[in-house]
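Below is one structure, written out as structure tokens; comments come after it.
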Amino acid sequence: MEFSERTLQARDIADAFRLTDVAWDRAGEHLVWSEGRSGRTTLVSWSVRGRFRRDLVREPDVQARVGYGGGEFTVGQDRIYYVAGRRLYSQKLAPTEPTLVAEAAFNLSSPTLSADGRWLLLVAGTEDHDRLLLVPSEGGSPIELYAEDDFLMQPCWHPSDDRIAWISWNHPFMPWQQTRLRVADLDLATRQPALSAVRQVESGNSRPCSWFQPAFSPDGARLAVVNDASGWSNLAIYRNSDLELEHRIEDEAEYAPPAWVQGLRSFCWSDDDHLVLLRNRQGLMSCLQYSLSTRNRDALEKELGGYTWFSQPTAAPNGAVGMIGASAQHPPCVLSIRQGHVEVVQRAIQEGPSLHSFSKPRPIKWEAGKHTCHGLYYAPLEGTAAGRPPAVIKIHGGPTSQAQADFDFDVQFFTTRGFGVLKLNYRGSSGYGCAYREALDGAWGEADVKDTGLAARVLTEHLGADPQRIVLSGGSAGGFTLLLALIRFPDRFRAAVCRFPVTDLLALSTDTHKFERHYVDSLIGPLPDATEIYRARSPLSNVDQIRVPLALFQGDSDKVVPRDQSDRLADSLKTRGIPHLYTVFPGEGHGWRKSETIEEYYSQVERFLEQHGGI
């Protein structure tokens, strides 16, 4: 196969940086972000005055290991604070040696600095109850403040430092199903600081709801938070004085993502009257400025109209805003927004093919019986396909995650090789309201599989794809759906690319990590009552019906879906003589971090599809 200079190569993807979080220092003079390079993560700063970037952390690797990670660092007046496993470090905003602030008995996450800079709140992840810890910023032993719920996230300070808020939840719920917003007073003047008057904030709706990202206004008069009490994740504003609801946005759009990791943000206060909000509608995101006094939501189209996905907005007291932005034409980049001017201060891809030539997403939906199904379609790059093109159905993991209109390296890898790509948001996906997500309850392995089969028909009957060259791609829960689709629709797909799939639901229920230990309870049913359903819907129970070529990839250090789940699938394919590829990457977990792994993965996928994908 011959490709043009516009083709996204495996090396381009392997060399890309992972940009995951961003924060201003308290003067608004330095923007700091976390940057993943191959198997490690560092922190990088950009100076507003000097217009230069510099690495801040040489060692140790910046990494929070609570759940799926996230919430690695925070920035103060002239210092950064970051976690590396069980240790909390600080250092100046310069490439100097770090200082150990504290070491805990558990993995740490979400350092959050008090307004006076003297204290830090942290989340400690444990196998029983998570802990909310308080640590002196100059160093000292952690003080346990709270440990009464299975999970904690997103702690925040009131600007007077005498009140804090956080999110908590318990098994069997996931954080997008049912959480609690807790607020408590904190007396820091005593020898042993402790919480008092711990309260649970009410949504004003009898429906159990999920809460996301509490944040006090700069003047301390209000508490902003997102909840889905109306069936959509919308912003709500509470009075700090009595924690009564003052106002709520009512909008059939999502203002927060599901909390898969620690440290997520979907809005920020820019002053006492204004917030910057991220609004997700139909898989596309817009950035808004919202005024409490006028209740107006103004899209920042002039400044950010070229982007279709954003994350981690952050604001400095001087009004500067930072965030990560992306689109089909913009690989992830760190953005600085000051007085209406947008500046790109770092890009995930430093060099590569011409970005303007990449395929753009088009939101699509179609009727499937009594429900509507959603997706994002990317046409093959112009000039790469003749006649009816091959196509890939990309199945997201989760399973209650969402295919988004960000810059997707995986998608552009395929479109620059002549494939159309449909990123499927089957029933159960986030981003379309609670009712759509909850349509997967009790139906995982059925509703998602049926929607995958229907997506193949949409590709061929409405989007012009070759019915003989439809390929599936998915990982984790997406791999589970992929395998069941191959079993249920044996003649509908040409080949499949599968990463760390769930193949045995009963084994997963005992082997997986704490965060997802009871996830399947709502998706299929609680054990032991649903034991037979678990067996019936496990791909390994019907693996002998998989007959199409399959490329299978697994990390040998995966703690979410252990390697044994893939080993047994590969053994069956080998025994029955099914064309397949099985690669286990050493030192990799639930996804690829090392650049050499990423390059090898895409190189193997390319060779596999040349042989079995009909291209």
Net lengthening on full extension, R199/E250 (0.36 nm per residue, minus Cα-Cα): 15.8 nm
Residue-by-residue Karplus 3J(HN,Hα) for region 26-42, coefficients 6.51, -1.76, 1.60, Hz, glycine and proline x: 6, 9, x, 9, 9, 9, 10, 9, 8, 10, x, 10, 6, x, 9, 10, 10
Efficiency of FRET from Cβ geometry, E461 and T583, R₀ 30 Å, rounded to 0.05: 0.30
FRET efficiency estimate (nearest 0.05) - Cβ-Cβ, R54 to A115, R0 25 angstrom: 0.40
Rg/Rg_ref, region 97-193, where Rg_ref = 2.2 N^0.38 Å and atoms are Cα: 1.08
Region 50-178, relative contact order in percent, only Cα pairs under 8 angstrom and at least six apart counted: 16 percent
Calculated from backbone phi, Karplus (6.51, -1.76, 1.60) coupling profile of region 434-439 in Hz, x at Gly/Pro: 5, 4, 5, 5, 6, 5
Paramagnetic reach from Q178 (point 7 Å along Cα→Cβ, amide N under 15 Å) across region 198-232: 203, 205-211, 228-229
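I'd like to check one number: the per residue accessible area of the chain, probe 1.4 Å, reported in Å² as a whole number.
38 Å²
Given 0.36 nm per residue, what is the gain on full extension from T575 to R338 after removing their alpha carbon distance, in nm? Can you show the working numbers first?
Numbers: separation 237, 0.36 × 237 = 85.32 nm, distance 6.15 nm.
This chain segment gains 79.2 nm when fully extended.
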Euclidean distance between Cα centres, region 65-96 to region 425-494, Å: 40 Å
Gain on full stretching of the segment that runs from E303 to D272 - 0.36 nm per residue minus C-alpha separation: 9.0 nm
Distance histogram for region 190-237 (every C-alpha pair counted, 5 angstrom bins, percent rounded to whole numbers): 5, 18, 22, 20, 16, 10, 5, 3, 1
Only Lys, Arg (+1) and Asp, Glu (-1) charged, at Cβ; region 23-133 dipole about Cα centre in debye: 400 debye
Per-residue [θ]222 nm for the chain (sum of -39500 (n - 2.57) over DSSP H runs n ≥ 4, rounded to 500): -4500 deg cm²/dmol
Over the chain, relative contact order from alpha-carbon pairs under 8 Å, at least 6 apart, %: 10 percent
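Treating the beta-carbon of each Lys and Arg as +1 and of each Asp and Glu as -1, no other charges, what is the dipole magnitude of the chain about its Cα centre, to the nearest 20 debye? Please report the intermediate quantities before stating the final value.
On the way: 65 positive and 77 negative charges, 244 e Å.
About 1180 debye.
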Distance between modelled label sites at D511 and L527, nm, 7 Å Cα→Cβ extension: 1.2 nm
Solvent-accessible area of I80 with every protein chain in place, 1.4 Å probe, in Å² to the nearest 10: 0 Å²
Rg in Å to one decimal, and Dmax rounded to a whole Å, for region 269-335 via C-alpha atoms: 12.0, 36
Exposure of D61 as accessible area (Å², to 10), given a probe of 1.4 Å and all protein chains: 40 Å²
Options (i) 288; (ii) 257; (iii) 144 - which one matches volume of the Cα convex hull per residue in Å³ as calculated here: (iii)
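With both bridge residues required to lie in region 347-462, what share of the DSSP beta bridges run antiparallel, to the nearest 5%? Spell out each step's value before the answer.
On the way: 13 of 18 bridges.
If I count the DSSP bridges inside region 347-462, around 70 percent turn out antiparallel.
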Exposure of L483 as accessible area (Å², to 10), given a probe of 1.4 Å and all protein chains: 0 Å²
Separation of alpha-carbon centers, region 130-173 and region 245-310, rounded to whole Å: 25 Å
Positive-pole candidate from T41, A23, S90, dipole of region 1-115, charges at beta carbon: S90
3J(HN,Hα) from dihedral phi, region 414-429, Karplus parametrisation 6.51/-1.76/1.60, rounded to Hz, x for glycine, proline: 6, 5, 6, 10, x, 8, x, 10, 10, 7, 8, 10, 5, 3, x, 6
Distance (nanometres) between label positions extended 7 Å along Cα→Cβ at T294 and R11: 5.2 nm
Relative intensity, log₁₀ I(q)/I(0), of region 143-238 from a Debye sum that treats every alpha carbon as a point, q = 0.13, 0.16, 0.19, 0.23 Å⁻¹: -0.45, -0.67, -0.91, -1.24
Residue among A530, L133, T179 farthest towards the positive dipole end of the chain, charges placed on Cβ: A530
Percent carbon-and-sulfur accessible area, region 175-325, ignoring ligands, DNA and RNA, probe 1.4 Å: 45 percent
FRET efficiency, D242 to E97 (Cβ-Cβ, R0 45 Å, nearest 0.05): 0.45
Charge dipole (the chain, unit charges on Cβ, about Cα centre) - positive-most of P258, I393, A439: I393
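The values are calculated or read from the model by the stated rules, or taken from the named source; none is laboratory data. Just so it is clear, the model here is predicted, and its values are computed rather than measured. No Cβ is skipped: glycine too gets one built from the backbone with ideal geometry, and neighbour counts run over all protein chains shown. What goes into the accessible areas is simple: the full protein's heavy atoms, side chains included, and nothing from ligands, DNA or RNA. Shrake-Rupley method; radii C 1.70, N 1.55, O 1.52, S 1.80 Å.
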